[in-house]
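First comes the structure, then the notes that go with it.
Just so it is clear, none of the values below were taken in a lab; they were calculated from the coordinates. All values derive from a computational prediction rather than experimental measurement. Every residue, glycine as well, gets a Cβ built from its backbone with ideal geometry; the counts of neighbours run over all protein chains shown.
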């Protein structure tokens, strides 16, 4: 499905990036616009040039592309807040919005607000520098994001073939009910059949049989069993 960005036909294009970070305790909204902007009930705090985002690859097919976000100029008192938020594993969404002359999202003929990226925070780092001229400490928060395709590629998932585990997902399925019986049964694969009456068993030369799961080569022999 194609998306029409009518704002691109304007002689003057002003855009901004909008980020929503969803942690286990709270949801944070921020953007690189000059002032706070409210879109679809979400109010994004303006960070201006203090917010930077690495280039986002746009491909026709889904790709495993990571993304880096940096928040520069974080106050030292808020570093503890960033660490306590435990943002690793949080969901992150990024939109691009086109702004009008009032520094608000263009809404005519359609809302010019488009999602560009959806992923999960894979890592977070904090670096600090001391500015000798301003005599202040400047903290930079770096956030590394992984796309959902990367998460799925590294995900290992399965289900045990036991009745309890199977019925947890498929409550009415009885296909695994005999698994415990089969698992406790000993199978001597490849062994000659056991006969209860008088019989003569001949094993051709060069042909082995399995006993207890091990190949055993036998020489021509004739065994007679008397009842």
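Values for this structure:
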item: Computed FRET value (nearest 0.05) for residue 168 with residue 107, which takes r as the C-beta separation and R₀ as 41 Å; result: 0.30
item: Ranked list, fewest to most other Cβ atoms within 10 Å of each Cβ, for 114, 130; result: 130, 114
item: Förster radius 25 Å - calculated FRET efficiency between residue 155 and residue 83 (Cβ-Cβ, nearest 0.05); result: 0.40
item: Length-normalised contact order of the stretch 7-153 in % [C-alpha pairs under 8 Å, at least 6 apart]; result: 26 percent
item: Between the stretch 79-104 and the stretch 151-186, the Cα center-to-center distance that results, in Å; result: 41 Å
item: Which of 162, 174 has the fewest Cβ neighbours within 10 Å, and the rest in rising order; result: 174, 162
item: Relative exposure of 120, 126, 143, judged by other C-beta atoms within 10 Å (fewest first); result: 126, 120, 143
item: Anisotropy class of the stretch 7-153 from Cα gyration tensor, a/c 1.5 cut; result: oblate
item: Label point distance in nm, residue 43-residue 120, each placed 7 Å from Cα along Cα→Cβ; result: 3.2 nm
item: Shape call, the stretch 76-133: gyration tensor on alpha carbons, a/c limit 1.5; result: oblate
item: Antiparallel %, DSSP beta bridges [both residues in the stretch 7-153], to 5; result: 95 percent
